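S.K.: Mind looking over this structure? Questions follow.
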């Protein structure tokens, strides 16, 4: 988590924003979160346990049992290519996903380490919902 925090602070500064808060992937979430504020918007950088990066709209849940900067189950993914590129350069081995990438249908054969049981049970609507989730 420390490397992710450092990378988000540096990427936010480099792109004219400020990293404000961080949340660790705590069950049932499978992704770390960094809240990044710009003058005209606030976004969330998501880092999934398999070193996958995405950005989403900031939509606080208000749920104290499962605190998150994005809503349960269906983050609204956005494109933040410059910010995510810098994070990925600081954290080698990460893969960046665009909004278009995440809107694609899930092809389970492309993700052999994803639980087939979870996918069958939770029925994600697209790749993004399958990769960045709150499943238990």
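S.K.: Restricted to segment 68-82, and to residues that are touching a strand residue (DSSP E or B) at 6+ places or on another chain (Cβ under 6 Å) and surrounded by fewer than 17 Cβ atoms within 10 Å (Cβ to Cβ), which residue is modelled with the highest pLDDT?
M.R.: The selected residue is 78.
S.K.: Let me ask something additional. Give me a count of the residues in segment 123-136 that are at pLDDT 90 or above and surrounded by 14 or more Cβ atoms within 10 Å (Cβ to Cβ).
M.R.: 8
S.K.: I'm trying to understand the selection: among the residues of segment 102-121, which are without any contact (Cβ under 8 Å) to a residue 40 or more places away in the chain, in a helix (DSSP H, G or I) and either touching a helix residue (DSSP H, G or I) at 6+ places or on another chain (Cβ under 9 Å) or closer than 19 Å to residue 51 by Cβ (or both)?
M.R.: Within segment 102-121, 103, 108, 110, 116, 118, 119 meet the criteria.
S.K.: Moving on. Could you tell me whether any residue of segment 25-38 is more than 14 Å from residue 132 (Cα to Cα), more than 16 Å from the chain's Cα centre (by Cα), at pLDDT 95 or above and surrounded by fewer than 22 Cβ atoms within 10 Å (Cβ to Cβ)?
M.R.: Within segment 25-38, one or more residues are more than 14 Å from residue 132 (Cα to Cα), more than 16 Å from the chain's Cα centre (by Cα), at pLDDT 95 or above and surrounded by fewer than 22 Cβ atoms within 10 Å (Cβ to Cβ).
S.K.: Next question, about the same structure. Any idea which of 18, 47 is surrounded by fewer than 16 Cβ atoms within 10 Å (Cβ to Cβ), in contact with a strand residue (DSSP E or B) (Cβ under 7 Å, 6 or more places away or on another chain), on the phi < 0 side of the Ramachandran plot and at pLDDT 90 or above?
M.R.: Details: 47 fails: surrounded by fewer than 16 Cβ atoms within 10 Å (Cβ to Cβ).
Step by step, each of 18, 47 is checked, and only 18 is surrounded by fewer than 16 Cβ atoms within 10 Å (Cβ to Cβ), in contact with a strand residue (DSSP E or B) (Cβ under 7 Å, 6 or more places away or on another chain), on the phi < 0 side of the Ramachandran plot and at pLDDT 90 or above.
S.K.: Out of segment 102-122, which residues are under 17 Å from residue 56 (Cβ atoms) and surrounded by fewer than 17 Cβ atoms within 10 Å (Cβ to Cβ)?
M.R.: 103, 104
The values are calculated or read from the model by the stated rules, or taken from the named source; none is laboratory data. Please read these numbers as outputs of a predicted model, since none were measured by experiment. Positions of Cβ are backbone-derived with ideal geometry, glycine not excepted, and every protein chain shown enters the neighbour counts.
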